[in-house]
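Here is the structure we will look at, set down as structure tokens.
The values are calculated or read from the model by the stated rules, or taken from the named source; none is laboratory data. Just so it is clear, the model here is predicted, and its values are computed rather than measured. With ideal geometry, Cβ positions are generated from the backbone for all residues, glycine too; neighbour counts draw on all protein chains shown. Note: accessible area is taken over every heavy atom of the protein model, side chains too, but ligands, DNA and RNA are not part of it. Shrake-Rupley method; radii C 1.70, N 1.55, O 1.52, S 1.80 Å.
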Amino acid sequence: MISFTWFPETGVAGTTKDMDVPERWFEINGYIKITPDNIIKILNPNPEFGQNVMTSLPMIIAEELDADWQKVMVEMGPHDNVKFGPQFTGGSNSVRMYWRPLREAGAAARHMLIQAAAQSWNVPLEEVTTKAGILYHTNSGKSGTYGDFASKASTIPIPTGVKLKDVKKFNVVRSSKKNVESLKIVSGKPLFGLDYKQEGMLIAMIEHPPAFGMKLKSFDASETLKMPGIKDVFSQKLYEEGFEQGGFDTRTFNDLLVVVGNTTWEVMNARKKLRVQWEPAGDTKDTMGGRGQKREVIVPGELESTDAQLKKLQEYANKPAQQLRKDGDPETAFKNAAQIIERTYNAPFLAHNCMEPMNFFAHVTAEKALLAGPLQAPGWSEPTLARLLNLPADKIEIQMTRMGGGFGRRAYGHYLYEAALISKKVNAPVKLVYTREDDMTYGIYRPMYTATYRAALDANKNLIAFHVKGGGIPEHAIHANRFPAGAVDNYLAEAWSIPSNITIGAFRAPRSNFNAAAEQSFLDELAEAMGKDPIDFRLELLKRAKENPVGKNNDYNPDRYAGVLELVKEKSGWGKPENKKYSRGVAAYFCHNSYAAHVVDIVMKNGRPYVERVFSAMDCGIVVNPDAATNMVEGAVVDGIGNAFYGKLTHKDGAAEQNNFHRYKMIRHSEAPKKIEVHFVQNDIDPTGLGEPPFPPVFGAVANALYKSTNKRYYNQPFLDPSVQQNNQAGNKKSF
């Protein structure tokens with residue numbers, strides 16, 4: 001047996017062995033506390049679900065504070081949107097949103113400590129310097145730790161407008177630091193919502209209708225109540241009639257049938273004994289608020305099936321649509337074209353499938369409420385919760401646990417509200433738990449999408465017009481002002497959508513995850529028709545967008561976009577003879593303020609396509625924690641490959657046909673690439689987001705590599721599903 005540790009002495013905050021932490025802390029500001037023994041505690045403001053903000057956000061503070069990282073402890077901050085700001089994890093906004101505030105917090109704290117030392121030593125403020133948590137006055141030879149002056153510093157008013165450090169002098173940011181929670185994770189310490197326990201806590205589960213478009217009619221719980229450990233069975237409305245939902249609220253099923261008992265196992269078994277009658281819900285009306293708007297939404301009551309949904313998509317695709325952007329005269333350009341290439345792309349609903357199913361703890365009394373669990377947007381959920389419970393916000397405490405995956409799914413707080421209402425009803429602390437089947441059939445899916453792309457070429461195979469028309473259930477995915485908008489003289493973007501009772505929500509890089517797949521696949525096929533290398537073709541368009549842009553609303557930077565393409569071209573050895581054994585595909589995309597490009601290398605393995613290597617290039621501005629950033633891109637690549645190959649959720653008469661992993665295929669370990677090589681464009685731009693941008697172009701790169709491998713173009717996701725691909729080629733070859 002060999003003893004070893006995964007946690008070296010250097011670069012790990014908060015893991016010092018047997019650290020004797022005094023009980024007394026001096027609060028310097030909302031984010032920073034220091035003990036007399038010079039241990040620094042930094043509170044992380046944002047929820048954590050694997051993107052490592054528990055490490056990267058405190059690193060930003062530690063950089064400006066000039067702290068010794070090994071003397072830093074990190075804790076999850078409480079929900080407090082006054083002290084900590086939005087506290088929203090999503091949209092690749094964590095680092096981008098907190099970059100400036102956290103730097104200012106660290107710089108202000110350092111200034112306060114310097115001021116305290118200068119007053120104590122009776123020396124000029126500008127003569128006091130810091131290094132790694134130590135204050136120095138060189139002329140007198142005096143020095144002291146931050147802890148020596150923390151008490152005095154805590155009484156000094158927090159300054160504003162303190163000068164920030166030159167980014168070229170960073171020594172914490174831009175250096176790799178180990179995950180501050182690694183030891184807790186691998187040693188099984190309670191971190192996640194499912195780990196949360198409280199004395200006297202009961203377990204609750206919800207029996208929801210078997211199909212979208214159904215509702216509870218009646219139930220008989222007599223046999224359920226006879227089961228061991230069962231405390232109560234009751235029905236409960238989530239929202240009363242006319243309740244104004246917030247911007248991230250939803251109600252898949254409004255009438256909840258709840259089983260409450262002592263343990264998860266007892267409740268699961270007792271729930272099977274329920275005798276329930278369901279009935280058609282009919283059209284329902286939701287009152288939606290949020291973002292300064294209030295509107296009535298009619299939700300259709302039909303029982304939807306995938307086959308019928310596909311037919312609807314085809315019907316709507318032939319109808320007039322909403323014009324989102326128009327440059328030049330695309331109608332005339334298409335009319336006069338020597339060649340028109342038209343392709344249609346389709347993608348199904350997708351389930352988020354967080355490894356930790358939905359859960360939340362709630363203890364609600366007449367005076368206050370305590371809630372704890374995995375949640376991406378506590379600030380968005382709190383106002384709705386306050387109205388549902390009829391409690392003021394200052395009487396509601398939300399504790400944020402680590403999340404076992406989020407991907408957008410946990411931005412929607414309905415499961416938090418459900419837990420709170422159940423606790424209030426039974427007058428006891430309760431943890432609501434979803435099974436995998438509950439989660440996968442409850443909705444909040446990635447929408448079902450379609451898009452048709454058309455390109456007009458002149459007699460010399462020059463691109464003279466570009467048209468995209470997309471739709472979806474119940475939203476479209478078109479970003480009208482993104483590339484190649486701005487690079488083509490005649491450009492048209494249109495969109496439409498079909499109402500549905502199947503509830504949807506943000507899915508990693510919402511809308512972009514489909515838009516990039518379709519657009520980047522089409523650009524590759526277009527490049528081939530024009531006789532151009534796919535990377536060179538994209539670079540030509542970007543050069544045009546830079547030097548002579550069309551329109552004024554292009555929301556991408558051509559230089560940064562071209563930069564990731566050039567970097568991935570270099571690092572992948574694009575076009576080099578030694579790589580001819582691979583079927584190679586490329587794609588690039590801009591979303592969430594950052595730029596990503598991938599080259600995917602496919603080989604055949606046991607008669608099936610296998611992504612053996614991936615080269616990735618990212619421009620997300622300053623990279624706070626390089627190792628963690630690399631992990632993020634690697635995860636996005638594997639996630640993208642799995643969804644591109646297998647991701648599919650279908651419905652029959654309103655019921656989800658996939659309810660667990662035996663029917664909803666996920667990528668397996670043996671199918672992950674042997675090599676994912678990640679490179680970052682080096683610049684001094686403020687961070688612009690990383691969690692979502694690497695994901696969308698993976699789909700297009702995989703599709704383009706598959707074409708090289710199989711000599712077939714892939715228009716329908718998932719790419720390796722035979723039932724989807726049987727119509728992949730037929731009816732889609734519109735080139736004339």
* When only alpha-carbon atoms count, how far does segment 497-629 stretch along each of its three principal axes, as whole angstroms with the largest first? -> 46, 43, 41
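Name the trypsin sites (Lys or Arg not before Pro) in segment 536-599 that are in a loop by DSSP and that have at most 16 other C-beta atoms within 10 Å, would you? All intermediate terms of the calculation are to be shown ahead of the outcome.
Details: sites: Arg538, Lys543, Arg544, Lys546, Lys552, Arg560, Lys569, Lys571, Lys580, Lys581, Arg584; in loops: Lys552, Lys580, Lys581.
Counting only loop positions with at most 16 other Cβ atoms within 10 Å, the trypsin sites (Lys or Arg not before Pro) in segment 536-599 are Lys552, Lys580, Lys581.
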* **Reach of Lys546 by Cα under 23 Å, taken over lysines that are not fewer than 8 positions away in the same chain** => Lys326, Lys461, Lys532, Lys569
* Which value in nm describes the separation of the simple spin-label points at Asn81 and Lys168, placed 7 Å from the Cα toward the beta carbon? -> 4.1
* Check the straight Cα-Cα distances from Lys163 and name the lysines below 20 Å, setting aside those fewer than 8 residues away within the same chain. => Lys131
* **Euclidean distance of C-alpha centroids, segment 143-212 and segment 494-531, integer Å** => 36
* **Those lysines that a straight Cα-Cα span of less than 18 Å connects to Lys189, excepting residues fewer than 8 apart in one chain** => Lys17, Lys178, Lys197
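For segment 177-260, run through the trypsin sites (Lys or Arg not before Pro) and keep only the ones in DSSP coil with at most 15 other Cβ atoms within 10 Å of their Cβ.
On the way: sites: Lys177, Lys178, Lys184, Lys197, Lys215, Lys217, Lys226, Lys231, Lys237, Arg251; in loops: Lys177, Lys178, Lys197, Lys226, Arg251.
For trypsin sites (Lys or Arg not before Pro) across segment 177-260 that sit outside H, G, I, E and B with at most 15 neighbouring Cβ atoms in 10 Å, the list reads Lys197, Lys226.
Once you have a ≥ b ≥ c as the square roots of the Cα gyration tensor eigenvalues for segment 255-296, tell me rounded if a/c is under 1.5, and otherwise prolate or oblate according to whether a/b is larger than b/c.
The shape class here is oblate.
Between Thr435 and Asp37, what length comes free when the chain is fully extended (0.36 nm per residue of separation minus the Cα-Cα distance, one decimal in nm)? Before the final figure, lay out the partial values.
Working: separation 398, 0.36 × 398 = 143.28 nm, distance 4.63 nm.
Stretched fully, the Thr435-Asp37 segment lengthens by 138.7 nm.
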* Structure fact -> About its Cα centre, segment 51-172 carries a charge dipole, from +1 on Lys and Arg Cβ atoms and -1 on Asp and Glu Cβ atoms, whose size in debye to the nearest 20 is 200
* Asked: Which distance in Å, rounded to a whole number, links the C-alpha centroids of segment 687-708 and segment 445-485?
  -> 17
* Structure fact -> Check: C-alpha center segment 313-383 vs C-alpha center segment 589-607, spacing in Å is 22
* 1.4 Å probe accessible area per residue over the chain, in Å² -> 42
* Asked: Is segment 104-249 rounded, prolate or oblate when judged by the Cα gyration tensor, a ≥ b ≥ c being the square roots of its eigenvalues, rounded requiring a/c under 1.5 and prolate requiring a/b larger than b/c?
  -> prolate
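Restricting to the chain, compute how many DSSP beta bridges are antiparallel as a %, nearest 5.
Working: 95 of 125 bridges.
About 75 percent, rounded to the nearest 5.
Tell me the carbon and sulfur percent of the accessible area for the chain, rounded to whole percent, probe radius 1.4 Å. Don't jump to the answer; show the numbers that get you there.
Numbers: 14960 of 30640 Å².
Carbon-and-sulfur percentage of accessible area, whole number: 49.
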* In nanometres, what is the gap between the two model label sites at Gln119 and Lys237, each 7 Å from Cα along Cα-to-Cβ? -> 5.8
* What nm distance separates the two modelled labels at His662 and Glu315, each placed 7 Å from Cα along Cα→Cβ? -> 3.6
